[in-house]
Amino acid sequence: MFITVNRVGDSITGSFKGQPFGIAYNESKYGYMKDLEAKAAAASSMDELKDILDEFEPLTKENYKELIEHAQGGQYLFVSPATGKVFLAINGKVSNKPLPKSMVDRIIYSVEKKIDVMPLVKNWARFLRNPWYSDQKAANYARYINTTVVNHELKTKLMEESGLSEEVATQRATMYDVSFTQEGLLATYKVVKEIDWKYVADGENGVKKVDRFDFEVDEFTGLKTYKKPELLEQRVFEPCVQGQSGDDFYSADYLGHIIRVGKPVYLDSWDKVNCNDSATCVKGLHIGGLRYIKNYQHDGTLTLNVFVDPMHIGGIDHEGTGALRVLKYFPHSALEGVTQNLYHSSEYAKLGDAEYAKLIEDAVDVDQQKINQMAEDMDQKKILL
């Protein structure tokens, strides 16, 4: 058999002259390929077979333009007719950086499955603003945000409480390592420890370390029972691993090693962030997804929910622990505990947008010749992002 054609889920798979292929499913293309498969099996001469094979071969290649048009994703993506590369397109503006294939596949899949694609599109647009952008970092980032993990706690619960088989429970408990907000921010996590101490004045010019929280004492055993504040904003945390060591960072206006819910956490310089994606356990503010936090969660820790703008991501440990090393992030809640206020991602997104607008305003080295050339190459009279 020179041609075999099968359908597996959302893919067309098979072999062509002994070589396997796999492409996205398209009903009309699948039918056409099956017709050519039947004709090849019934060919009566080598010349006839050759013509069929020549007609079949282009069908085994992914055609992004066709895929995007089929997925009705053209309003978000632009395919260069000259190179076949795919670019982000929003509101008539086209990026000058091509999307990695895995990102294109994710957008197409989302559109076909009627999943809101705008958070993903906005997330990528924000990453394009990253000062450390490179094609390799873009590929690493696309790989990072497309990584899936199995939530083993949920899997076990589904098997024990709902009676699902291991296979079905695994499928339902499989999720993306990180998710997005409507504004395109990454929704990640930070594992912290509570700071249960504080320094206070002790007489004239003296300082002593005392318990941060009030407590009651059992009159018979001497056992202390601490009364922690109900609201997360009233509590203070430190990084689970570094504690009070490493570079000082800001929590709002305070410079040190503390983290408060509802206050932005940031470093004052990119010099304090190692942006090498191949490095691990190096300087920078560390956050991450589900596979990252499982390495640090244990008794005595708390996991904060964190927003981060992709423009603030320096290092992407996509193959190791799953850590992101960032310049800035915003802890807005925790996996347990209540907050006094609602911290909307839209408000934090506005801060990043204002910061980016200032960067653009201050830029003086815009390569207008390159912009014009890109517009000409893409046959577009549009402003690049």
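Note on segment 126-177: semi-axes of the ellipsoid equivalent to its C-alpha gyration tensor, largest first and rounded to whole Å, are 36, 9, 6. Fully extending the segment from residue 157 to residue 85, taken as 0.36 nm per residue of separation minus the present Cα-Cα distance, adds 21.5 nm.
Around the Cα centre of the chain, unit charges on the Cβ atoms of Lys, Arg, Asp and Glu (plus for the first two, minus for the last two) sum to a dipole of about 220 debye.
Each label was represented as a point 7 Å from its Cα along the Cα-to-Cβ direction; for residue 193 and residue 38 these points are 7.0 nm apart. Per-residue ellipticity at 222 nm computed for the chain from its helices equals -9000 deg cm²/dmol, with DSSP H segments shorter than 4 residues left out and the rest contributing -39,500 (n - 2.57).
The apolar share of the surface of segment 216-274, taken as the fraction of accessible area on carbon and sulfur atoms (1.4 Å probe, ligands and nucleic acids excluded), comes to 47 percent.
Placing R0 at 22 angstrom, the Cβ-Cβ distance between residue 28 and residue 176 gives a FRET efficiency of 0.10 after rounding to 0.05.
To the nearest 0.05, how large is the calculated FRET efficiency for residue 225 and residue 303 if R₀ is 22 Å and r is the Cβ-Cβ distance? E between residue 225 and residue 303, to the nearest 0.05, is 0.35. Selection among 179, 240, 152 by position relative to the dipole of segment 136-270 gives 179 as farthest towards the positive end (Cβ unit charges, Cα centre). Here is the P(r) of the chain: all C-alpha pair distances, binned every 10 Å from 0, give 4, 18, 24, 22, 16, 9, 5, 2, 1, 0, 0 in whole percents. Between residue 236 and 195, the built amide H atoms are under 5 Å apart, and every one of these is 5 or more places off in sequence or on another chain. Residues within the reach of a label modelled at residue 255 (point 7 angstrom out along Cα to beta-carbon, backbone nitrogen below 12 Å), restricted to segment 192-214: there are none. Along the chain, the exposed loop sites are GluC sites (Glu not before Pro) outside DSSP states H, G, I, E and B with at most 15 other Cβ atoms within 10 Å, and the longest stretch free of them is 63-203. Secondary structure note: in the chain, about 95% of the DSSP beta bridges are antiparallel.
Projecting the Cα atoms of 133, 210, 259 onto the dipole axis of the chain, where Lys and Arg carry +1 and Asp and Glu carry -1 at the beta carbon, places 133 farthest toward the positive end. Spin-label model, residue 135 to residue 338: label points 7 Å out along the Cα-to-beta-carbon direction sit 5.4 nm apart.
Note on segment 311-331 and segment 15-63: Cα centroid distance 45 Å, given to the nearest whole angstrom. Residue-wise HN-Hα couplings along segment 118-131, as the Karplus relation 6.51 cos²θ - 1.76 cosθ + 1.60 with θ = phi - 60° gives them from phi, are 5, x, 5, 4, 5, 4, 5, 4, 5, 5, 5, 7, 5, x Hz; Gly and Pro carry x. Between residue 208 and residue 244, the C-beta separation translates, for a Förster distance of 25 Å, into a calculated FRET efficiency of about 0.90. The residues of the chain present an accessible area of 56 Å² per residue when probed at 1.4 Å with all protein chains retained.
The values are calculated or read from the model by the stated rules, or taken from the named source; none is laboratory data. Here the structure is a predicted model, which is why all the values come from computation and not from measurement. For neighbour counting, all protein chains shown are included, and Cβ atoms are generated from backbone atoms with ideal geometry for every residue, glycine included. Calculation scope for accessible area: heavy atoms of the full protein, side chains included, ligands and nucleic acids excluded. Shrake-Rupley method; radii C 1.70, N 1.55, O 1.52, S 1.80 Å.
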